[in-house]
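Data block below; observations after.
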Amino acid sequence: MRYRTVGGQRVSAVGLGAMPLSIEGRPDEGRAMATVHAALDAGVTLLDTADSYHLPGDEPGHNERLVARALATYGGDTADVLVTTKGGRGRPADGSWTVTGSPRHLKAAAEASLKRLGVEAIGLYQLHKPDPAVPFEESVGALRDLLDEGKIRYAGISNTDVGQIRRAHALLGDRLVSVQNRYSPAARDSEPELRLCAELGLAFLPWSPLGGISRSSLDGPSRRLPPEDAGHSTGLDAFHAVARERGVSPQQVCLAWLLSRSPVVVPIPGASRPGTIRDSAGAADLELTPEEVARLEVEAGVGS
């Protein structure tokens, strides 16, 4: 396992996005726990969750409690594991994703997350999404207050643009350590945000990093396309061709390509089976050649 840095903490170069373990199509408790344990066995030390990762209108905080149980029942050392959670979104019974970024809500959400995770301070707490009805500085100010109170160790923001990153950095300084945006071969509209993160030394945590290779967890349970169909289905033939040539999965090639984009990138692929996260974790040790990277970037349209 190779490592990267989030704030002052070393983490695995590939994390686990725990969302699929709690939303629609989620596995049973046994398989969910086994998936987190498999991630830890593979050397994964970054676990990403959120208070809104649950079935619509049911069991808020389900994913946080699951992650806490998985850590508590793991037989090995978890001292170096960084758990990152998020607040500011909700899932009412209609299945929509709401946004609530008021300081009062964020502080209450952080308190609830603290209890569910069973920790004295949350490792990394992120604003899940800016609320257009609340001044951005007020939402980020809640993160500042939580930092000052010692309830969170680091702060991050998610689903933000360049201007918002600069504004959050101006308010939080080096206590802002991460940006979590959607980024994948099929969704590269966060290129400017990635460049800014590299400039500021912020970790960039791509969510849904396998877009174009497999479906996002937001679209339903993840699945890998059969090799013979994958290129035709995704339009990203080179990723599947390189995978066949190297004898690895397309998702490993995709994650290795993301890691090659910048040393601040730490992808957090989702998984709902032990084998899936073991495969994803293997991408940390997959070194693509310069020729392979160039080939993949041409197909992904980087620089176009």
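Of all DSSP beta bridges confined to the chain, the antiparallel ones make up roughly 25%. Partners of LYS151 within straight-line reach, counting lysines whose Cα lies under 19 Å from its Cα and excluding those fewer than 8 residues away in the same chain: LYS86, LYS107, LYS115. About its Cα centre, the chain has a charge dipole of approximately 360 debye under the convention of +1 per Lys or Arg Cβ and -1 per Asp or Glu Cβ, with nothing else charged. To the nearest ten degrees, helix 62-73 and the longest principal axis of the Cα atoms of the chain are 80 degrees apart. Counting Cα-Cα pairs of segment 97-143 in 5 Å increments starting at 0 gives whole-percent bin shares of 5, 22, 32, 21, 13, 6, 1. Were the residues from ARG244 through ALA112 laid out at 0.36 nm apart, the gain over their Cα-Cα distance would be 42.9 nm. Computed from Cα atoms, the angle from the helix 162-172 axis to the main principal axis of the chain rounds to 40 degrees.
Along the axis of the charge dipole computed for the chain (Cβ charges of +1 for Lys and Arg, -1 for Asp and Glu, origin at the Cα centre), the listed residues VAL248, LEU55, CYS197 are led at the positive end by LEU55. Remark: relative contact order (segment 68-149) = 34 percent; criterion is Cα-Cα distance under 8 angstrom and separation of 6 or more residues. On the basis of the beta-carbon distance and an R0 of 30 Å, GLU291 and ASP41 show a calculated FRET efficiency of 0.35. Here is the P(r) of segment 13-163: all C-alpha pair distances, binned every 10 Å from 0, give 11, 42, 35, 11, 1 in whole percents. Listed by chain and number, the aspartates and glutamates placed with their C-alpha closer than 16 angstrom to that of LYS129 are ASP48, ASP51, GLU137, GLU138, ASP161, GLU193; residues fewer than eight positions away on the same chain are left out. Against the main long axis of the alpha-carbon atoms of the chain, helix 136-148 sits at an angle near 80°.
Among the listed values (i) 52, 42, 39; (ii) 64, 35, 34; (iii) 71, 53, 51, the one matching Cα extents along the principal axes in Å as calculated from this structure is (i). The residue list VAL134, PRO103, SER184 was ranked by how far each Cα lies along the charge dipole of segment 59-184 toward its positive end, using unit charges on Cβ atoms, and SER184 comes out on top.
No lab work stands behind these numbers, since they all come straight from the coordinates. The shown structure was predicted, so the numbers you read here are calculated from the model rather than taken from an experiment. Ideal geometry is used to build each Cβ from the backbone, glycine not excepted, and the neighbour counts take in all protein chains shown.
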